[in-house]
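First the structure, in the form of structure tokens, and then the observations on it.
Taken together, the values in this text are just the output of simple stated rules run on the coordinates, not laboratory data. In this text the structure is predicted, and so the values were computed from the model without any measurement. Ideal geometry is used to build each Cβ from the backbone, glycine not excepted, and the neighbour counts take in all protein chains shown.
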Amino acid sequence: MHGLLLAAIGLWCFLVALAGGLAGLVLGNIRLPVLLFASSSPAAAGGANIAISGLAAAAASLTHVRRRRVEWRLVAWMLPPSVAGALLGGFAAGHVPADALRIVIGTALLAFGVDLLRPRRGGAPVPRETRDLRAAVVAGTRLPVRAVALDWRKTHDRKRILRNYPQLTPELLAEVIHYYEAHQAEIDTELRAEEEAEAGNDGVA
């Protein structure tokens, strides 16, 4: 294969992986048509795409893990069936005729393309009443957003909050503060109501 073609494919794979790491997607369906053009068979293209996607996803996941942006409960539930499906699909690819595999791949890519271009109806906005601050936790932790928001509302001291909550990173604290400031009136009203209710319960006791 010509070196210039390989360089062009490598550049395309880099751009796809860059976009995937940014968006949290593998984007193998975008990479696959180029690999089909360059590979000796559809099965070889699929295998190369899976290998590239897996290694690129693993590399991107390192940053997300270090920044505590992984919901491990979802990983625990979704990983076993995903691995089982991938093993079964890889095994089946070696026993499906090349022309049939091209049809399957082409149909899947066409369906992805049509779905991507299909106009989306704007979803109804979430009613303000459905936002439950008491149930919200900081991503990657079990730390209630309410507790951090309450500390920020009282102190506006980032260093103190980070000392009080060692599981928080500066980036996660910044996200909580941004969330609080974006919904400050609503959150303050909710926090004041809870404080008044607690004060009333203490008075009754």
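The angle between the Cα long axis of helix 28-38 and the main principal axis of the chain comes to about 20°, on a 0 to 90 degree scale. Taking other residues whose beta carbon is less than 12 angstrom from the beta carbon of ILE177, and scoring Lys, Arg as +1 and Asp, Glu as -1, yields -3.
Descending by average beta-carbon neighbour count within 10 Å, the peptides 141-153, 63-75 line up as 141-153, 63-75, the highest first. When each of GLU175, GLU186 is scored by the number of other beta-carbon atoms lying within 10 Å, the sequence from fewest to most is GLU186, GLU175. The sum of -39500 (n - 2.57) across all DSSP H runs of n ≥ 4, divided by the residue count of the chain, sets its helix-only mean residue ellipticity at 222 nm to -24500 deg cm²/dmol. With neighbours defined as other Cβ atoms within 10 Å of a residue's Cβ, the residues PHE112, PHE37 order from fewest to most as PHE37, PHE112. Contact order for the chain, expressed relative to its length and based on alpha carbon pairs under 8 Å spaced 6+ residues apart, stands at 14 percent.
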